[in-house]
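Peer 1: Here it is, the structure, as structure tokens.
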Amino acid sequence: MSQMTEVEGRRLSLSNLDKVLYPTGFTKAEVLHYYATTADAHLPHLRDRPLSFLRYPDGAEGEHFFAKNLPLGTPDWVKTAVVPRSGAGETGRHVLVQDLPTLMWAANLVTEFHTPQWKAQAPGMADRLVFDLDPGAPATIVECCAVARWLRDRLAADGLEVFAKSSGAKGLHILAALEPVPSERVTAYAKALAVEAERQLRGLAIHRMARHLRPGKVFVDWSQNTAAKTTAAPYTLRARPEPTVSAPVTWDEVEACTDAGELVFVAGDILPRLEEYGDLLAPLVDPAHARPLPDAPG
């Protein structure tokens, strides 16, 4: 069953609003309400970035699938961009979430929002650096925080302003704003720092993805800086047992974390945090905070 509504002059058909999408009882109507009420913080981190959607239309426990090309039935007022694919000469057309109506239309598809580290007008020219810190059990986000503190200090020594957010899953994302630079250079720099982290934080950090190396350690995933990769966007809901959010966190929170539950945030936590802190990641979309990429360590 669908309900017609108008958002900033655009007519939207919102469907199955009573559908429960999370085992906690969180409904599709609540998903849409979350995105509507956090849009002012969320939209700047999506704008001009070609979207990849991780869709879970039957809820967090249902089928998940990535969608990059335009969904069937995309309204003609939704802005899009043609972007290169990994194959030689291949391109695809992706959604750009530029405004509230597009955000609500996309949220109605029941999706996580994933973005590259570059904008549509300059494919492959990264304007931010990201590390995805992924703990291997029995390690948790607590161990990620220890690695995050090392990375913050190491990146700061190279002149970068560093920010953190929960992944909304198990780990942390560490980010910095860059003056645009080819993604392959960012990838090389990030890999060199991940290798350095493994050397300096023996027994805690690793830079290789191999599963047999990961128990009890934090995988410092440098590869998400590759032009073809995407990362969960700030403020996106995740398809988890509860409606967790990839939420910005303060460095005081990272410093103080002694229990994995301390840095888990669900949809209802975000508005109070925005009222208290504002958007902690606002500098990431402010060109005044962008810094040149340092040379990769030798």
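Peer 1: Which GluC sites (Glu not before Pro) does region 48-141 hold that lie in a coil by DSSP with at most 15 other beta carbons within 10 Å?
Peer 2: 61, 63, 90
Peer 1: Work out which helices of the chain, taken as complete DSSP H runs, extend at least 15 Å along their axis over the Cα atoms and score a mean Kyte-Doolittle of 0.0 or more, then list them.
Peer 2: Helices meeting the criterion: 141-157.
Peer 1: Before anything else, pin down the relative contact order of region 207-271: Cα pairs under 8 Å, at least 6 apart, normalised by residue count, whole percent.
Peer 2: 21 percent
Peer 1: Here is a further query. For each of 1, 209, count neighbouring Cβ atoms within 10 Å of the residue's Cβ, then give the residues from fewest to most. Could the numbers behind the result be given before it?
Peer 2: Values: 1 8, 209 11.
Least crowded to most crowded, the residues run 1, 209.
Peer 1: How charged is the neighbourhood of residue 239? Take every other residue with its Cβ under 12 Å from the Cβ of residue 239, and add Lys/Arg as +1 and Asp/Glu as -1.
Peer 2: Combined, the nearby Lys, Arg, Asp and Glu give -2.
Peer 1: So what's the net charge close to residue 38: Lys and Arg +1, Asp and Glu -1, counting the other residues with Cβ under 15 Å from its Cβ?
Peer 2: Taking every Cβ under 15 Å from that of residue 38, the sum is -4.
Peer 1: Beyond 17 Å, what share of the Cα-Cα pairs of region 79-146 is found? Please give it as a whole percent.
Peer 2: 62 percent
Peer 1: Quick one: give the max-minus-min coordinate of the C-alpha atoms of region 2-115 along each principal axis, largest first, in Å.
Peer 2: Over region 2-115, Cα extents along the principal axes are 45, 34, 26 Å.
Peer 1: For the residues 244, 74, what sequence is obtained by ranking on other C-beta atoms within 10 Å, fewest first? Intermediate values should be presented prior to the final figure.
Peer 2: Numbers: 244 23, 74 16.
Ordered from fewest to most neighbouring Cβ atoms within 10 Å, 244, 74 come out as 74, 244.
Peer 1: How do 85, 55 line up, fewest other C-beta atoms within 10 Å first?
Peer 2: Numbers: 85 11, 55 18.
Lowest to highest Cβ neighbour count: 85, 55.
Peer 1: Work out the FRET efficiency for residue 156 and residue 202 from their Cβ-Cβ distance, taking R0 = 22 Å, and round it to the nearest 0.05.
Peer 2: Approximately 0.50, to the nearest 0.05.
Peer 1: Okay, moving on. Kindly provide the helix-only [θ] at 222 nm of the chain, computed as the sum of -39,500 (n - 2.57) over DSSP H runs of four or more divided by all residues, to the nearest 500 deg cm²/dmol?
Peer 2: Details: 7 runs with 78 residues, N = 298.
Result for the chain, helices only: -8000 deg cm²/dmol.
Peer 1: Once the convex hull of the alpha carbons of region 113-231 is built, what does its volume come to per residue, in cubic angstrom?
Peer 2: Spelled out: Cα convex hull of region 113-231, divided by residues, is 95 Å³.
Peer 1: Quick one: of 19/229; 28/170; 19/119; 68/217, which pairs are farther than 28 Å apart, Cα to Cα? Display every interim value, and only then the final one.
Peer 2: Values: 19/229 31 Å; 28/170 23 Å; 19/119 34 Å; 68/217 32 Å.
Among 19/229; 28/170; 19/119; 68/217, the Cα-Cα distance tops 28 Å for 19/229; 19/119; 68/217.
Peer 1: Please work out whether region 51-98 counts as rounded, prolate or oblate from its C-alpha gyration tensor, where a ≥ b ≥ c are the square roots of the eigenvalues and a/c under 1.5 means rounded, while otherwise a/b larger than b/c means prolate and anything else oblate? List each step's numbers first, then the result.
Peer 2: Working: a/c = 2.79, a/b = 1.41, b/c = 1.98.
The shape class here is oblate.
Peer 1: Let me ask something else about it. When the chain is fully extended, how far beyond the present Cα-Cα distance does residue 169 get from residue 184, taking 0.36 nm per residue of separation?
Peer 2: 2.7 nm
Peer 1: Rounded to the nearest 20 debye, what is the charge dipole size of region 2-115 about its Cα centre when +1 sits on each Lys and Arg Cβ and -1 on each Asp and Glu Cβ?
Peer 2: Details: 11 positive and 13 negative charges, 67 e Å.
It comes to approximately 320 debye.
Laboratory data are not the source of any read-out in this text; all were calculated from the coordinates shown. Not measured: the values here are computed from a predicted model. As a convention, Cβ positions derive from the backbone with ideal geometry for all residues, glycine included, and neighbour counts pool all protein chains shown.
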